[in-house]
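Each reported figure results from applying straightforward, stated rules to the coordinates on display, with no laboratory input. Source: prediction; values computed, not measured. Backbone-built Cβ (ideal geometry, glycine too); neighbour counts: all protein chains shown.
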Amino acid sequence: MLKITQSPQGPIQVKQPFLVAGVASTEYAGRNLILTIDNQYNATGPKIAADGTWQLNFLFQQVGARRLKIAIANESVELVLNVVATLPRLRFTQSPVRTKVGQATTFAGEADGYADGTALLLRADQRYELARPVVQAEKWQAPVSFNQPGTKAIEVIGSGQDKAQTSIEVDPAPPRPPRLSFTNPPTQIKVEQMVTLTGTATDYEDGDQLLLRADQQFTLARPLVTNQRWQASILFRQPGKRLIEILGSEQDRAQVIIEVQAVPSATLTIQPRSSWTNTPTPSDIPNLTSPKGITIHHTFLDGAPPANATLAEEQARMRTILSSHINGNGWSDIGYHFIIMPSGRVFAARSERKRGAHDLINDGLGVAFDGIYSSKTISQQQYQAAVALCTLLCKRYGITDTVTPVPTLTADFGTRNLPRIFGHRDRVATLCPGSEGGRTVRLAEIRQATNAQLRG
Ligand SMILES: [Zn+2]
């Protein structure tokens, strides 16, 4: 019943003492075990205790697969022990302290006493296999990356109980930089054509404000992000190639080039005076031979027809205005030369060969938007009709520049530098046509667009 109860597991190092323990029959108590080494050398072993137990402290002086036979009387047990010069031992020599999710990082180490080609196991948190590095020249290394942030316990595991441990802190992946783009932007649009631009705003928050600008200087809109998208409506009044940019945080921007095309001047139809009244402009009104400019007005009369009015309704409206000017103002005829209805239809009013009754000086043509534009803005149709009409009149009367100020006689302000298209209020102390600077009648834009048409 001789038995071994404890012996080294795995290799043992040469000249390192180790313990073998066991039990024998109590009938041998007090006797010494007999040791036989490699079937050749005999030695006296430890004494068997009263309870039959025994303990052997031993060491080998030579490496190799060593046989150790332990005997008493006619019983024996045998051990084969792998005695090595160096015990296998894994170590980390490269163990990064921090990394980021998804970022490649390398662990490396030494594998003393391991044969070339031995596969090791590198694992995290005692569960997740990271790599199976192979030993070469008693070294190993393994590139790894992590999918989840947190502190990870890292082990490299070899033979038997041999392993080494370290840890690494895995930081969350940095947020991706936000990104803007245009979605199917047009490459060509037309002057005065309202276009809605849209795009993505990846990783932006709802409510983030972006900047849409043209030619790196003109702000077009400040759209807000909704569901990682943005949109803004734009409209250009001048033809040409425009660099459009959407800008966000952290230098993020997207660019697109849009060509704004001039619209061929609309064929302007002017409703003749004879279409709405049989009464001609009185012949005794002084002639207007060479108009010096165009004065813009609003009729400042309630009841302008809606934009979808019929021609007949507008003709009736012309008669109402005529009556108001003759019976209300005591003039001999309607005061303006042309009236532009909210629909965009243009009506010839007073004969353009006769001086008007519209800005006291009356050395030019009077063009009025029908309605009251003290705060509301003229319709888009009115705007386009005004540009077309002004262009036609300037060409007809040799006016080649509608933006450069020239000395101009006024009724209430002496001589002023005014462009050739100006508002009634520039010449007379009046609120016509609407807001300061002619904003509600888009005076500056009419001037610019007409000038562009004259040059185009
Ligand atoms: Zn006026």
For the cross-link pairs 15/139; 190/292; 47/163; 3/139; 241/395; 15/152, which exceed 29 Å when the distance is taken from alpha carbon to alpha carbon? 190/292; 47/163; 3/139; 15/152
Over the residues of the stretch 1-149, compute the C-alpha Rg and express it relative to 2.2 N^0.38 Å. 1.51
Relative to the chain, whose Cα atoms define the longest principal axis, helix 311-323 and its Cα axis are tilted in degrees, nearest 10, by 50 degrees
Taking the Cα atoms only, what angle lies between the long axis of helix 443-455 and the longest principal axis of the chain, rounded to 10 degrees? 90 degrees
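Quick one, what does Rg over Rh come out to for the stretch 411-456 if you take C-alpha atoms and the Kirkwood Rh?
Ratio of gyration radius to Kirkwood radius: 1.02.
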Taking R0 as 56 Å, what FRET efficiency do you get between residue 415 and residue 226 from their Cβ-Cβ distance, rounded to the nearest 0.05? 0.55
Given an 8 Å cut-off on Cα distances and at least 6 residues of separation, report the relative contact order of the stretch 273-353 as a percent. 33 percent
Just to compare against my own numbers: the Cα pair-distance distribution for the stretch 233-365, 5 Å bins, whole % per bin, please. 2, 8, 15, 16, 14, 10, 8, 6, 6, 5, 4, 3, 1, 0, 0
Hull surface divided by four, with the convex hull built on the Cα atoms of the chain: how many nm²? 39.2 nm²
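Ordered by packing density, taken as the mean number of other Cβ atoms within 10 Å over each peptide's residues, highest first, how do 216-222, 152-158, 1-7 rank?
Ranking the peptides 216-222, 152-158, 1-7 by packing returns 152-158, 1-7, 216-222.
Within a Cβ distance under 11 Å of residue 89, other residues only, what is the Lys/Arg minus Asp/Glu net charge?
Values: positive: 91, 163; negative: 110, 112, 138, 162.
In short, -2.
Output the Kirkwood hydrodynamic radius of the stretch 89-171, Cα pairs only, in Å rounded to one decimal.
It is 12.6 Å.
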Grab the other residues whose beta carbon is less than 13 angstrom from that of residue 308, score K and R as +1, D and E as -1, and report the net. -1
How far is helix 380-396 tilted off the main Cα axis of the chain, in degrees rounded to 10, range 0 to 90? 50 degrees
Amide H neighbours of residue 103 at under 5 Å, excluding residues fewer than 5 places away on the same chain, with H built from the backbone geometry, are 146
Rank-order 199-211, 272-284, 378-390 by packing density, defined as the average count of other C-beta atoms within 10 Å over each peptide's residues, highest first. 378-390, 199-211, 272-284
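Antiparallel versus total DSSP beta bridges in the chain: what percent is that, nearest 5?
Given both bridge residues lie in the chain, the antiparallel proportion sits at roughly 80 percent.
Take the Cα radius of gyration of the stretch 179-261 and divide it by 2.2 N^0.38 Å, with N its residue count; two decimals is plenty.
1.02
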For the stretch 3-84, what does the equivalent ellipsoid look like in terms of its semi-axes, each the square root of 5 times an eigenvalue of the Cα gyration tensor, given largest first in whole Å? 22, 13, 10
Mean separation of Cα contacts under 8 Å (at least 6 apart) over the residue count of the chain, i.e. the relative contact order in percent, is 8 percent
Counting only Cα, what are the radius of gyration and maximum Cα-Cα distance Dmax of the stretch 270-455, in Å? 15.1, 43
Taking 8 Å as the Cα distance limit and 6 or more residues as the minimum spacing, I'd like the relative contact order of the stretch 270-455 as a percentage. 25 percent
Put one equal scatterer on each alpha carbon of the stretch 352-412, apply the Debye formula with no solvent term, and list log10 I(q)/I(0) at q = 0.13 1/Å to two decimals. -0.45
